[in-house]
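Chemist: Can you keep this structure in mind? I'll have questions shortly.
Each value in this text was obtained by applying a stated rule to the coordinates, not by laboratory testing. Every value quoted in this text rests on a predicted model; they were computed, and no experiment measured them. No Cβ is skipped: glycine too gets one built from the backbone with ideal geometry, and neighbour counts run over all protein chains shown.
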Amino acid sequence: MAEIAEKFGLEWHLIVAQMVNFAILFIVLYKFVYKPILSVLDKRREKIEGSLQQAKEIEERNKKLQEEISEKLSASKKETERIIAEAKEIGESARNNILLETNREVSSMLAKAKKDMEHEKEQMMSDIQDHIVKMSLVVVEKLLADKLDEKTKAHLVNDSIKELSLTK
Amino acid sequence: MEISTKAEPIGHIGEFVVTNTILMSMITVTTLIIFVILLSTKKCDLKSKFYNFVEMLIEGLMSVIESVTGRCPLAKQVFAVISTFFIFVLFNNWLGLLPGVGSIGFNEVHEGEEIFVPLFRSANSDLNMTIAIAVISVTFTQVVAIKNVGVKSYLSKFFNFKSPIMFFVGILELVAETIKILSFSFRLFGNVFAGDVLLIVMFSLVPFIVPIPFMGIEMFAGFIQALIFSVLTLVFTNIASHAEH
């Protein structure tokens with residue numbers, strides 16, 4: 001052991017001296033390099049992590065907003081479709097109503113016109129009948145004026161009137 | 001060509017010997033302190049390239065540590081020590097590659113013959129240095145472990161009387177923990193010393209051009225050794241800080 005120590009020049013005070021050297025270096029580096037730089041690095045790391053977190057939050061919020069917007073959009077689309085369909089329905093029913101009304105009116109007008117025409121026709125027919133009776137009376141009177149007495153005349157006239165009214 | 005495995009004494013302060021590796025590690029500490037002063041004068045200026053570079057370095061170290069421990073308080077507990085290990089070992093290795101290290105020196109009469117004593121010597125090519133930081137590393141591991149799992153749980157790892165097998169496992173753990181100091185220190189010392197020897201040999205064989213790629217290799221090896229030292233400490237600490245199941 002002592003031989004080895006002699007060979008490598010081991011001496012306890014040299015070892016201590018080197019330890020002291022190391023300790024001096026350690027203290028200086030620790031005080032003036034590690035401590036300030038590590039604190040700077042830590043602060044930076046914290047800052048970066050904070051910003052990352054913030055960015056994440058913002059992104060999440062963005063996503064949520066986007067979802068909301070798309071949801072609202074689809075809802076409004078549905079609403080629009082519904083309104084359009086409703087309007088279409090209303091329009092259709094209104095059209096049908098109008099058509100029906102018009103049809104009814106037209107048919108009622110037609111019926112009225114027909115009735116009027118019938119009425120007029122009847123009137124005309126009765127007028128014509130009266131006329132014919134008068135005319136035939138005159139003709140018969142003229143033809144039979146001389147040949148028949150008053151009594152027969154009246155009888156004949158009454159008969160024919162009766163017949164006419166019967167045929168009527 | 002004389003290559004000594006021990007650091008040469010270059011002077012005395014009182015009764016203590018000052019070796020060239022002590023001088024070198026002091027130079028490393030001074031250089032780093034100058035960097036820190038430069039940094040703190042530019043701290044307010046966030047656009048300063050130097051500040052941004054250091055910040056990037058710290059962030060990179062933090063991400064390496066967090067990749068081992070996960071994002072938990074442990075990462076912050078161990079950060080300062082682990083990164084100081086990395087920076088200290090790295091600068092020791094790289095400053096040891098500077099021209100003048102190992103070549104500037106003086107001749108001294110020692111035991112009747114004149115020998116060359118270099119004024120500077122790569123700090124990690126002295127076992128005193130590597131043992132010093134290995135002891136700190138292992139002690140740090142134990143302290144953090146006790147802090148995280150509690151004294152009782154920590155001691156039960158080494159002194160377990162539940163069964164004879166567990167007792168021997170505990171003894172083995174104890175031995176392994178002690179051996180770690182040796183493995184840490186000899187790994188770093190061996191690598192850096194071998195690198196130095198390699199460079200000395202190359203420079204003495206062909207002084208021009210040829211040693212340049214070896215300088216590159218040594219720079220890379222210095223970085224790797226710093227990384228290995230700090231990451232091993234980190235991993236051991238991480239394992240020891242999680243309660244046994």
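Chemist: Within the stretch B:107-210, which chymotrypsin sites (Phe, Trp or Tyr not before Pro) sit in a loop by DSSP and count at most 15 neighbouring Cβ atoms inside 10 Å?
Modeler: Working: sites: B:PHE116, B:PHE120, B:PHE140, B:TYR154, B:PHE158, B:PHE159, B:PHE161, B:PHE167, B:PHE168, B:PHE184, B:PHE186, B:PHE189, B:PHE193, B:PHE203, B:PHE208; in loops: B:PHE120, B:PHE159, B:PHE161, B:PHE208.
Passing both the DSSP loop test and the Cβ count: B:PHE159, B:PHE161, B:PHE208.
Chemist: So, one more: Please give the FRET efficiency for A:LEU143 paired with A:ARG95, using the beta carbon to beta carbon distance and R0 = 51 Å, rounded to the nearest 0.05. Intermediate values should be presented prior to the final figure.
Modeler: Working: r = 70 Å, r/R0 = 1.38.
Between A:LEU143 and A:ARG95 the formula returns 0.15.
Chemist: If you don't mind, another one. Averaging sequence separations of C-alpha pairs under 8 Å and six or more residues apart, then dividing by the length of the stretch B:129-245, give the relative contact order as a whole percent. Show your work: numbers first, answer last.
Modeler: Working: 74 pairs, mean separation 50.4, N = 117.
Relative contact order of the stretch B:129-245: 43 percent.
Chemist: When the helices in chain B are scored as -39500 (n - 2.57) per DSSP H run of 4 or longer and the sum is shared across all residues, what 222 nm value do you end up with, to the nearest 500 deg cm²/dmol?
Modeler: Numbers: 7 runs with 169 residues, N = 245.
Per the formula, -24500 deg cm²/dmol.
Chemist: If one takes the longest principal axis of the Cα atoms in chain A, at what angle in degrees, from 0 to 90 and to the nearest 10, does the Cα axis of helix A:150-167 lie?
Modeler: Tilt of helix A:150-167: around 20 degrees.
Chemist: Can you pull the semi-axes for the stretch B:111-245, root of five times each eigenvalue of the Cα gyration tensor, sorted largest first, whole Å? All intermediate terms of the calculation are to be shown ahead of the outcome.
Modeler: Values: eigenvalues 334, 54, 29 Å².
In descending order, the three semi-axes are 41, 17, 12 Å.
Chemist: Along each principal axis of its Cα atoms, how long is chain B end to end? Whole angstroms, biggest number first, please.
Modeler: That gives 63, 54, 41 Å along the principal axes, largest extent first.
Chemist: Once R0 is set to 30 Å, what does the formula 1/(1 + (r/R0)^6) return for the Cβ-Cβ distance between A:ASN158 and A:LYS121, expressed as a FRET efficiency to the nearest 0.05? If you can, show how the numbers build up before the last one.
Modeler: Working: r = 29 Å, r/R0 = 0.97.
Result of the calculation: an efficiency of 0.55.
Chemist: Give me the lysines in straight-line cross-link reach of A:LYS78: C-alpha distance below 23 Å, same-chain residues under 8 apart excluded.
Modeler: Within the straight-line limit of under 23 Å, A:LYS78 reaches these lysines: A:LYS63, A:LYS64, A:LYS88.
Chemist: Over all directions, average the projected area of the Cα convex hull of the stretch B:42-135 and note it in nm².
Modeler: Details: hull surface 37.5 nm².
Taking the Cα atoms of the stretch B:42-135, their convex hull projects to 9.4 nm² on average.
Chemist: What are the radius of gyration and Dmax of the stretch A:2-167, computed over its Cα atoms and given in Å?
Modeler: My reading of the Cα-based Rg and Dmax gives 64.6, 200 Å.
Chemist: May I ask you to list the residues of the stretch B:186-204 whose amide nitrogen lies under 11 Å from a point 7 Å from Cα along the Cα→beta-carbon direction of B:THR5?
Modeler: B:190
Chemist: Then there is this: Using the alpha-carbon atoms, what tilt in degrees (0 to 90, nearest 10) does helix A:12-29 show relative to the longest principal axis of chain A?
Modeler: Tilt relative to chain A: about 30 degrees.
Chemist: Over all alpha-carbon pairs of the protein assembly as shown, lay out the pair-distance distribution in 10 Å bins, whole %, shortest bin first.
Modeler: It works out to 4, 14, 17, 13, 8, 5, 3, 3, 3, 3, 3, 3, 3, 3, 3, 4, 4, 3, 2, 1, 0, 0, in whole percents.
Chemist: Can I ask one more? Between A:SER165 and A:GLU71, what length in nm is gained on full extension when 0.36 nm per residue of separation is reduced by their alpha carbon distance? If you can, show how the numbers build up before the last one.
Modeler: Values: separation 94, 0.36 × 94 = 33.84 nm, distance 8.91 nm.
Here the segment from A:SER165 to A:GLU71 would lengthen by 24.9 nm.
Chemist: For n ≥ 4 DSSP H runs only, could you compute -39500 (n - 2.57) per run for chain A, divide by its residues and tell me the 222 nm figure to the nearest 500? Walk me through the intermediate numbers first.
Modeler: On the way: 4 runs with 153 residues, N = 168.
Result for chain A: -33500 deg cm²/dmol, rounded to the nearest 500.
Chemist: Continuing with the same structure: Please give every one of the lysines within straight-line cross-link reach of A:LYS134, meaning a C-alpha to C-alpha distance under 16 Å, and leave out same-chain neighbours fewer than 8 residues apart.
Modeler: Straight-line reach from A:LYS134, under 16 Å: A:LYS142, A:LYS153, A:LYS162, A:LYS168.
Chemist: Could you name the lysines in cross-link range of A:LYS31, using Cα to Cα under 23 Å and dropping any fewer than eight places away on the same chain?
Modeler: Answer for A:LYS31, where 23 Å is the Cα cut-off: A:LYS43, B:LYS42, B:LYS43, B:LYS47, B:LYS49, B:LYS76, B:LYS147, listed by chain and number.
Chemist: Same structure, new question: Quick one: if the Förster radius is 22 Å, what FRET efficiency do A:HIS131 and A:SER107 give, using the C-beta to C-beta distance and rounding to 0.05?
Modeler: On the way: r = 36 Å, r/R0 = 1.63.
Using R0 = 22 Å, I get an efficiency of 0.05.
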